[in-house]
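Read the structure below first, then the notes.
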Amino acid sequence: MTLGVLAVLGMAFSMFAGFWTDWLWYRSVHYSSVFTTTLWTRVGLFFVFGLLMAAAVGFNVWLAHRMRPPLSAMSVEQQSLDRYRMGIAPYKKWLLCGITAVVGLIAGASAAGQWRTWLMWVNGVPFHQSDPQFHLDVSFYAFDLPWYRFLLGFGFAATVLSLIAAALTHYLYGGLRVTSPGARATAAATGHLSVLLGVFVALKAVAYWLDRYGLAVKSSDFRATGNWTGLRYVDANAYLPAKTILFCIAVICALLFFATLWRRTWQLPVIGFGLMVLSAILIGGLYPAIVQKFQVQPNEQAKEAPYVAKNIKATREAYGIDDAKVTEYAGTGSAKDKSTLRDDVDKTASIRILDPNIVSPTFQQLQQIRNYYTFPNNLDVDRYSKNGKVQDTVIGLRELNLDGIPKKNWINNHFRYTHGYGVVAAKGTEADGNGQPVFTESDLPSSGELPTYEQRIYYGEKTTTYSIVGGPQKEIDYSDNDGEKTTSYREKSGVSLSSPVNRAAYAVAFGEPQILYSGAIGEGSRILYNRTPKERVEAVAPWLTIDGDAYPAVVDGHIQWIVDAYTTTNGYPYASRTTLGDTTADSLTAGNDSRAVVAQQNQVNYIRNSVKATVDAYTGEVKLYQWDTQDPVLKTWMKAFPGTVKPKADISQDLMDHLRYPQDLFKVQRELLTRYHVQDAQTFLSGSEVWQVPDDPTNKSGNAVPPYYLTMKMPDQGSQAFSLTTTFTPNGRDNLSAFMAVDSQAGTPDYGQIRILKLPTSTTVGGPKQVQSQFNSNSQQNIAEFVRLIRGGDSEIEYGNLLTVPLDGGLLYVEPVYVRGGQLKYPLLRKVLVTYGGATAFEDTLDQALDKVFGTSGAQPPPQTGNTNPPASGNPTVQQALKDAQKAFDDSQAALKGPQIDWQAYGKAQKDLQDALKRAEEAQAKASKSTGKNGGGGG
């Protein structure tokens with residue numbers, strides 16, 4: 001008994017611990033209303049529908065028992081059931097309560113999972129748009145119809161369970177007979193069961209009526225277009241009238257079942273039910289097939305064109321692509337003078353040659369500093385301004401890496417090593433003479449061009465475990481030449497562990513008994529968990545779909561993770577559906593845990609980037625900002641969770657400067673635009689202008705090319721704008737069919753404007769795969785020989801992002817080429833490939849390649865990114881060290897030239913270069929210190 005009581009208490013406390021820790025966490029992030037609203041909605045649905053189900057089943061069991069016939073004349077069949085009746089007689093009430101409790105619990109649990117459906121129904125906001133068939137507001141399909149379908153499903157379940165329970169009770173107590181001679185059912189049993197069957201058929205009538213509206217959001221496979229949503233000719237002219245006829249038949253059939261209360265015979269109801277089944281087969285199945293075969297197929301385009309036009313219009317509206325500007329573009333180049341074209345390059349785009357998806361190992365090697373820091377596999381592209389000029393910047397955070405700590409144990413893992421430190425950023429458009437990034441923010445602590453900010457990173461994409469901070473145990477802050485620095489977290493983030501109840505709850509919830517009794521936890525200790533930006537935003541806004549790529553930005557003195565979030569529905573009439581997980585996958589998401597695929601199996605047919613969220617990397621504070629002020633789905637959720645989303649006006653200018661158009665939304669839109677750039681129904685049905693997103697030509701993954709951020713100017717724009725770009729090829733071919741860009745510069749009037757440059761079908765312009773093949777096989781520029789030599793040794797080539805830039809009627813392709821190998825384990829920029837109008841260049845720098853393609857120098861001199869001339873210094877030690885550095889640099893460059901690259905000599909020269917620069921730095925610092933001591937005073 002004692003063990004049993006203890007087991008029950010343990011289970012109860014385990015359940016309490018989960019509930020209590022969740023409540024504490026939501027309260028710590030100031031979103032307790034989300035927790036309480038969700039909780040009480042679930043509890044309410046659980047009890048209401050659980051009690052309804054229990055009452056329905058229990059009432060029918062009780063009624064069947066009450067209607068039992070007298071057992072004076074017992075048949076052989078009833079005598080065999082007698083022992084069962086005698087066995088359950090003493091426990092009838094308990095058995096009834098048990099049965100009803102079980103079905104009630106199951107039904108309640110199922111209903112609790114419909115809390116989103118309930119909240120959307122009760123808080124639904126109109127779209128002020130009507131569907132073209134029934135002329136009902138879209139909100140009926142998005143918010144009302146799902147709830148009605150749930151109620152209908154619940155009604156069917158309750159009726160079927162009640163029917164089964166009543167039939168078993170009648171059989172057990174003699175109301176129904178199977179083998180005995182005479183009447184098979186008593187009048188009472190007949191009336192009771194016929195009423196239940198009548199309710200079932202009445203619900204089927206309601207289902208037929210709702211199915212009429214369901215046709216507007218029904219998905220089907222349409223041969224001409226693939227995935228299809230909405231009514232087609234056969235739906236409007238066969239299925240719709242068939243559903244109406246079946247509704248009427250079902251109503252009549254239900255009335256016949258109810259009539260057995262007076263007639264006490266099954267004859268008419270059975271005839272009616274048989275008629276309904278036959279009608280469902282003939283009218284609901286055979287008739288539409290005949291219409292499709294003999295009316296639609298002989299003249300499909302003419303029959304389907306009006307419905308395809310509705311689908312095109314609805315799909316373009318639902319995905320926000322209805323205002324995309326499609327412009328005809330020659331794509332074959334310009335007749336301008338080459339010097340003019342060369343000048344136009346600088347005016348048209350700030351070409352980014354630093355690929356954020358390649359250089360993470362370079363950041364790791366040069367800026368990791370300590371093994372317990374790490375960078376994400378894919379860095380991010382952002383914009384920062386200096387002296388009024390905006391610069392595309394590749395940025396990453398030096399996050400905590402527990403696998404790299406010197407000694408792993410519970411204290412080190414959760415108390416000592418708790419956070420990362422600092423931003424590392426580099427110019428996106430430059431590389432130094434060694435092919436390394438030109439850092440604008442680097443070292444530890446980080447310093448450079450960014451304004452002063454809090455550098456500690458307690459919340460990040462790599463921070464997946466909990467930490468306990470703020471107590472007696474000091475944390476490792478960072479290490480420098482003077483040794484380790486320690487700190488103690490003083491923010492109010494996380495949950496306090498001062499209470500024994502809290503400690504016990506977290507010890508149970510996390511399966512860590514040491515939390516309960518460890519001396520490292522004391523007054524002021526707080527536990528931090530749910531620390532990735534995606535986790536935090538998903539928790540405080542469970543009704544949002546989160547973009548797969550959160551990115552960091554220095555905003556108002558703090559590192560803020562910026563998270564794009566979407567409102568979605570799959571109930572937009574006539575809009576074709578897409579599976580987000582499939583649509584947002586590309587060559588970067590494949591096998592890459594740092595860039596998640598959004599909502600793997602979440603199928604939608606309406607999406608809006610309605611919320612911009614931020615997560616403070618130091619405090620963990622989560623803020624949700626309304627971005628799309630017209631989105632009715634967001635307005636609905638804001639009614640359900642008032643006060644959780646801040647108005648758009650609260651976005652500071654500093655934050656606005658770093659907001660951008662989200663990649664996942666762009667990938668969904670570009671996938672839809674492969675078909676829905678066509679607005680003419682006949683052309684759409686012919687499939688002659690179907691595009692496809694090309695595979696990434698820079699690797700062999702076979703996945704779609706990712707979109708690229710690039711500051712550039714489209715032909716109709718007056719100046720450059722931060723944009724997200726992609727290309728299209730014809731279906732089944734590799735030549736280019738279109739180029740697409742969306743203005744990603746938040747806060748500007750053109751933000752979100754999609755522009756498509758459509759190439760004529762009469763000309764053949766090389767697509768990404770063809771351009772890459774031309775690069776690899778070009779013998780005039782010695783590209784093929786370079787590739788062969790590199791791959792012939794112990795090195796490998798990594799192709800960077802193949803950027804496409806519209807330039808004066810033609811297309812300029814630029815691709816950085818990285819080499820990794822020898823003694824270097826990280827990629828360095830070695831070459832830049834450029835092609836325009838059939839001319840190709842393969843040079844050490846972008847400016848050299850552009851000059852060669854256009855046969856002239858640009859208006860602006862190339863940036864001096866690799867200065868190797870030693871600065872003047874009166875210190876002989878410094879002078880000698882700089883001379884050594886110059887010699888080492890020359891040796892490294894010489895090793896890269898010739899018919900075969902000497903990687904061993906290059907590695908030695910690089911080591912000599914670093915040693916010489918270190919000697920120069922130390923000598924200069926020593927001289928400065930000595931000067932400071934001797935020349936002090938003044939003032």
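The values are calculated or read from the model by the stated rules, or taken from the named source; none is laboratory data. Keep in mind the model is a prediction, meaning the values are calculated, not measured. Cβ atoms come from the backbone with ideal geometry, glycine included; neighbour counts cover every protein chain shown.
Just a few scattered comments:
- Residue within the stretch 377-392 that is outside any strand (DSSP E or B) and within 27 Å of ARG490 (Cβ to Cβ) present: no
- From the options THR636, THR614, residue that is crowded, with 19+ Cβ neighbours inside 10 Å, part of a helix (DSSP H, G or I) and modelled with pLDDT of 95 or more: THR636
- Condition check for LEU379 on (1) more than 14 Å from TYR826 (Cβ to Cβ); (2) free of Cβ contacts under 8 Å to residues at least 24 places away in the same chain: one failure, at (1).
- The set of residues in the stretch 529-583 being at negative phi and aromatic (Phe, Trp, Tyr) consists of TYR529, TRP543, TYR551, TRP561, TYR566, TYR572.
- Residues of the stretch 92-129 that are among the aromatic types (Phe, Trp, Tyr) and crowded, with 18+ Cβ neighbours inside 10 Å: TRP115, TRP118, TRP121, PHE127.
- Restricting GLY732, GLY718 to residues that are free of Cβ contacts under 8 Å to residues at least 24 places away in the same chain and of a type outside the set (Asp, Glu) narrows the list to GLY718.
- Among the conditions (1) at positive phi; (2) buried (at least 19 other Cβ atoms within 10 Å of the Cβ), GLY702 misses just one, which is (2).
- Taking helices (runs of 4 or more DSSP H) as the structural unit, those lying wholly within the stretch 239-352 and holding at least 2 residues that are among the small types (Gly, Ala, Ser) correspond to 240-263, 267-281, 300-318.
- Qualifying residue in the stretch 427-444 (condition: crowded, with 21+ Cβ neighbours inside 10 Å, touching a residue at least 60 places away in the same chain (Cβ under 8 Å) and among the β-branched types (Val, Ile, Thr)): no
- Hits in the stretch 219-264 - residues which are modelled with pLDDT of 90 or more, surrounded by fewer than 18 Cβ atoms within 10 Å (Cβ to Cβ) and in contact with a Gly (Cβ under 9 Å, 6 or more places away or on another chain): ILE245, ILE252, LEU255
- Helices (runs of 4 or more DSSP H) completely within the stretch 641-757 that count 3 or more residues being out of contact with any helix residue (DSSP H, G or I) (no Cβ under 8 Å at 6 or more places or on another chain) and hydrophobic (A, V, I, L, M, F, W, C): 663-676
- If you filter the stretch 297-356 down to residues that are aliphatic (A, V, I, L, M) and within 21 Å of GLY837 (Cβ to Cβ), you find that the one that is farthest from the chain's Cα centre (by Cα) is ALA335.
- Scanning the stretch 704-718 for residues that are closer than 18 Å to VAL771 by Cβ and not small (Gly, Ala, Ser) turns up VAL705, PRO706, PRO707, TYR708, LEU710, MET712.
- Members of the stretch 130-141 that are in contact with a Gly (Cβ under 6 Å, 6 or more places away or on another chain) and either surrounded by fewer than 20 Cβ atoms within 10 Å (Cβ to Cβ) or at pLDDT below 95 (or both): none
- Of all the numbered requirements in (1) at pLDDT 95 or above; (2) among the β-branched types (Val, Ile, Thr); (3) in contact with a helix residue (DSSP H, G or I) (Cβ under 6 Å, 6 or more places away or on another chain), VAL61 misses one, and that requirement is (1).
- Exclusive hit being touching an Asp or Glu at 6+ places or on another chain (Cβ under 8 Å) and either crowded, with 21+ Cβ neighbours inside 10 Å or among the charged types (D, E, K, R) (or both), set ARG370, ARG398, ARG352: ARG352
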